[in-house]
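What follows is a short report on a single structure.
The values are calculated or read from the model by the stated rules, or taken from the named source; none is laboratory data. Please read these numbers as outputs of a predicted model, since none were measured by experiment. Using ideal geometry, Cβ is built from the backbone for each residue, glycine included, and neighbour counts are taken over all protein chains shown. Calculation scope for accessible area: heavy atoms of the full protein, side chains included, ligands and nucleic acids excluded. Shrake-Rupley method; radii C 1.70, N 1.55, O 1.52, S 1.80 Å.
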Amino acid sequence: MNQGEFDIVIVGGGLVGASLALALAGQWRVALLERALPPLPAALPQDWDNRIFAISPGSQAFLAGLGAWPPLRAGCIREMDVRGDAGGSIHFDALELASEQLAATVENRGLQALLWQALQGRVELLAPASLHAVQFDADHVSLTLADGASIQARLAVAADGAYSWLREQAGIAFARQPYEQQGVVANFSCQRPHGDIARQWFGHDGILAWLPLPGNRISMVWSTGNQHATELLGMAPELLAARVAAAGGHGLGVLAPLCPAAGFPLSLGRAERSIGRRLALVGDAAHTVHPLAGQGVNLGFGDARVLADLLNAKPGRDPGDAMLLQSYARSRAEEVLLMQTVCDGLQKLFASTDPVLGCVRNMGLQLTDALGPLKRTLMRQAFR
Ligand SMILES: Cc1cc2nc3c(=O)[nH]c(=O)nc-3n(C[C@H](O)[C@H](O)[C@H](O)COP(=O)(O)OP(=O)(O)OC[C@H]3O[C@@H](n4cnc5c(N)ncnc54)[C@H](O)[C@@H]3O)c2cc1C
């Protein structure tokens, strides 16, 4: 059974794969293959997805250009208050960048549903679809689905996440360094207004972040050791809320749970190559970072934007052309390496129990806070 011939087939319809499909839809015949059911927005207003992402202004502009921004509900981070474990602190304010916000907070499910809605009728959507085999030939890629259907394309894109099946089939190794931590996520309503301020504490129990959601609500990401994570995930929702409120010094008063908590294992990961024969890797399939700076999906949107720009610049060209793919790999290497190095360095600096490092890291926060130009350079990198 032949399902069809396409210019580009994208495997994985998460935020990165779906945004890439939309960016290519006008110029190329695109198939998007997703193993899960198509995403649906929240059925009820009180349903909150526990996967909340901070979306940078640059990613927002990319999504707006695709007609997939803003989502129905988004929070705004105007300021960010970061505390070290021994008195150090740093404060970021969007005003310092002459901007209205540092980032927006959105639900994974809501944004994915918006992207998929925009894709209807514009690309071939195959979901749920299960892949069985792939073959990379000199002039095309052939994919066989579990139901026997086959797809041919001139370029395949792996957007199928950190455990990418397509990357593995292409024989591209992935260097993974587990942090032996999980990101425990949950949403809470809070007694006092959060003032659009994101709060983050680097402490002995890991890194705790509270991100503002619309109204009196916050999303928590607690990146913490596996044992502590298991303990948090095993708690009754009300007890977890009380623990989280206490860990944040009761700064927003009483917290009440809005959804069940979930845990995600954290690792630093990098594919040995971000391209192969008629193959490009994007998003978590190419790289994973520690969530302490909320940059993972933003890096993925950067991959999608750059790859789409290169492909759309020359519509008549072979989309699997090796030179084009090399340009893509070169364009993304520096930003990905920089972000991975910074996030990994910060994680290690604050995870260390060395008292000298403990002193240095808190002084570092204080000093950076006091040095306007350095601080603004950092902000431009992190919140662009
Ligand atoms: C706790 C935590 C907090 C985070 N917070 C932030 C944040 O605030 N900001 C930020 O930028 N990033 C954040 N991240 C990172 C972010 O979650 C990821 O970078 C992002 O989800 C990657 O998107 P993706 O589309 O590349 O991959 P995924 O979201 O993993 O999507 C992959 C898709 O591929 C599909 N798939 C998988 N295998 C197959 C297959 N064989 N065939 C077909 N389909 C397949 C999956 O079903 C899925 O839909 C956070 C991560 C964690 C763990």
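Some points to look at:
- Highest to lowest packing among 51-57, 154-160, scored as the average C-beta count within 10 Å: 154-160, 51-57
- Length-normalised contact order for region 87-164 - Cα pairs under 8 Å, 6+ apart - percent: 14 percent
- log10 of Debye I(q)/I(0), alpha-carbon scatterers only, for region 261-384 at 0.11, 0.18, 0.19, 0.23 Å⁻¹: -0.50, -1.01, -1.07, -1.32
- Normalised by the number of residues in region 1-101, the mean separation of alpha-carbon contacts (under 8 Å, six or more apart) gives a relative contact order of 17 percent.
- Here is the tail figure for region 244-326: Cα pairs spaced more than 18 Å apart come to 61 percent of all pairs.
- Debye, to nearest 20: dipole size of region 161-320, +1 on Lys, Arg Cβ, -1 on Asp, Glu Cβ: 440 debye
- Dipole of the chain [Lys/Arg +1, Asp/Glu -1 at C-beta], most positive-end residue of 208, 366, 280: 366
- Electrostatic bookkeeping for residue 100 treats Lys and Arg as +1 and Asp and Glu as -1; over the other residues with beta carbon under 13 Å from its beta carbon, the sum is -3.
- Dipole in debye (nearest 20) - the chain, about Cα centre, beta carbon charges: Lys, Arg +1; Asp, Glu -1: 420 debye
- Protection proxy ranking of 24-32, 333-341 - average other beta-carbon atoms within 10 Å, highest first: 24-32, 333-341
- Pairwise centroid distance, computed over Cα atoms, of region 267-299 with region 25-40, Å: 20 Å
- Mean Cα-pair separation over length for the chain, i.e. relative contact order, pairs under 8 Å, 6 or more apart, %: 22 percent
- Candidate membrane-span-like segments in the chain, meaning DSSP H helices with Cα atoms spread over at least 24 Å of their own axis and a Kyte-Doolittle mean of -1.0 or above, are 296-313, 322-351, with no membrane implied.
- Over region 107-197, the hull volume per residue, using the convex hull of the C-alpha atoms, is 197 Å³.
- Cα convex hull of region 154-309, projected area averaged across orientations, nm²: 10.5 nm²
- Percent accessible area from carbon and sulfur atoms, region 142-293, protein chains only, probe 1.4 Å: 54 percent
- With the alpha-carbon atoms of region 150-221 aligned to their principal axes, the span from lowest to highest coordinate is 55, 30, 15 Å, starting with the largest.
- Averaging 1/r across all pairs of distinct Cα atoms in region 1-76 and inverting the result yields a Kirkwood radius of 14.5 Å.
- Cβ crowding within 10 Å averaged over residues, with 326-332, 112-118, 210-216 ranked highest first: 112-118, 210-216, 326-332
- Annotation: the chain has a Kirkwood hydrodynamic radius of 21.7 angstrom, from the mean reciprocal C-alpha pair distance.
- Longest to shortest principal axis, alpha-carbon extents of region 51-161, angstrom: 60, 34, 25
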